[in-house]
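Data first, discussion second: the structure below is written as structure tokens.
The values are calculated or read from the model by the stated rules, or taken from the named source; none is laboratory data. Computed from a predicted structure; not experimentally measured. Cβ sites come from the backbone with ideal geometry, for glycine too, and all protein chains shown count toward neighbours. Side chains are part of the model used for accessible areas, which takes the heavy atoms of the whole protein and leaves out ligands, DNA and RNA. Shrake-Rupley method; radii C 1.70, N 1.55, O 1.52, S 1.80 Å.
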Amino acid sequence: MSLQSKTALVTGSTSGIGLAIAKALAGAGANVVLNGFGKPDAIEAARAGIESEFGVKAHYSGADMTKPEEIAAMVAEAERAFGAVDILVNNAGIQFVSAIEEFPLEKWDQIIAINLSSAFHTMRAAIPGMKTKGWGRIINTASAHSLVASPYKSAYVAAKHGIAGLTKTAALELAAHKITVNCISPGYVWTPLVEAQIPDTMKARGLTKEQVIDEVLLKAQPTKEFVTVEQVGALAAFLCTDAASQITGANLPVDGGWTAQ
Ligand code: NAD
């Protein structure tokens, strides 16, 4: 199905999985609103690249997902620019690895704000417009950590289990409005987020980089391969099709068999 008349807002899409989801949706014809941090030149290159590669319009919002008022303004601006936010992808996320008793308070608050609360704020702002149009797709990037836990990731695991619950609640509230709400739960995807946590995991567990990759990261994935960002993007695009209109409230693992264990 073509998403040609649709607009997608993807949080945390200046990098990694979010950027791949934005490209997959643009590839299906949707205009996109990018969001996230990074070097201005790199963000502008990504934005302009999407416009030229896919022939769609791409905007950028620098809204900080820890700030509810910036989130509301981002959704309002997207609706003003494109007439609607038809597809909302809550993807922004950060990680911090530490034992609970040493976990910095500000890191706990930041992870809960970005990885969980921001999805509540975007949905709160975007749902009225979706209801008016009688169509919508909300996709939350959760994680295998929305289904199972790992040590030293208390805030992340709590936030991801939270987003799985928020997804189910929103799906029930919106089921009769032709708005589906699902989460995609990747296992380990090779992105800056995964690369960046390797030094802390080395420290927390006293391991080398190779040991972290083999014994911690890919240990969990029976396929022994990282998931690709394109694979996650393709599933997000599928969830926006008519074929997926009866998939709602689901938590879809893309994890090489991790959570089957
Ligand atoms: P990434 O670091 O490549 O991208 C994270 C994005 O979030 C970036 O665009 C960044 O600028 C943005 N961001 C961070 N803080 C923000 C803030 N305060 N406001 C706005 N944007 C902010 O990471 P990724 O691996 O692509 O992760 C994307 C999502 O996928 C996250 O929710 C993550 O938890 C989830 N995830 C990742 C993996 C993995 O293995 N990489 C696995 C499962 C789930």
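When the solvent-accessible surface of protein heavy atoms is calculated with a 1.4 angstrom probe, in what order do Y156, Y60 fall, highest first?
Numbers: Y156 25, Y60 90 Å².
Order by accessible area, largest first: Y60, Y156.
Of the chymotrypsin sites (Phe, Trp or Tyr not before Pro) in the range 157-261, the ones in a loop by DSSP (not H, G, I, E or B) with at most 16 other beta carbons within 10 Å are W190.
Using the Cβ of V189 as centre and a radius below 11 Å, the other residues enclosed give a net charge of -4, where K and R count +1 and D and E count -1.
Provide the per-residue ³J(HN,Hα) series for the range 129-139, in order, calculated from phi with Karplus coefficients 6.51, -1.76, 1.60 and θ = phi - 60°, each as a whole number of Hz, with x at glycine and proline positions. 3J(HN,Hα) across the range 129-139, in whole Hz: x, 5, 4, 4, 7, x, 7, x, 9, 10, 10. Remark: the range 72-83, residue by residue, has Karplus-estimated 3J(HN,Hα) of 4, 5, 4, 5, 4, 5, 5, 5, 5, 6, 10, x Hz, where x stands for each Gly or Pro and the curve is 6.51 cos²θ - 1.76 cosθ + 1.60 at θ = phi - 60°. Put simply, the amide H of V181, placed in the peptide plane, has neighbours under 5 Å in I138, G249, leaving out anything fewer than 5 places away on its chain. Extent of the chain along its three principal axes (Cα atoms, max minus min coordinate, largest first): 52, 41, 35 Å. Distances between placed amide hydrogens fall under 5 Å for V254 paired with S185, G187, all partners being 5 or more residues away or on another chain. Computed 3J(HN,Hα) for the range 165-175, one whole-Hz value per residue from the Karplus formula 6.51 cos²θ - 1.76 cosθ + 1.60 where θ = phi - 60°, is x, 4, 4, 5, 5, 5, 4, 5, 5, 10, 4, glycine and proline marked x.
Summing +1 for each Lys or Arg and -1 for each Asp or Glu, what net charge is found among the other residues whose Cβ lies under 14 Å from the Cβ of E173? Show your work: numbers first, answer last.
On the way: positive: R124, K131, K168, K178; negative: none.
After counting each charged neighbour, the total is +4.
Can you pull out the trypsin sites (Lys or Arg not before Pro) in the range 1-89 that DSSP calls coil and that have at most 16 other Cβ atoms within 10 Å? Write down the numbers at each step before the final one.
Numbers: sites: K6, K23, R47, K57, R80; in loops: K6, K57.
Loop-located and lightly packed - K57.
For V227, the residues 5 or more places off, or on other chains, whose built amide H falls under 5 Å of its own are Y188, V189, W190.
Per residue of the chain, the DSSP helices (runs of n ≥ 4 H) give a summed -39500 (n - 2.57) that works out to -14000 deg cm²/dmol at 222 nm.
Around L19, what is the net charge, scoring Lys/Arg as +1 and Asp/Glu as -1 over all other residues with Cβ under 13 Å from its Cβ? Residues near L19 contribute 0 overall.
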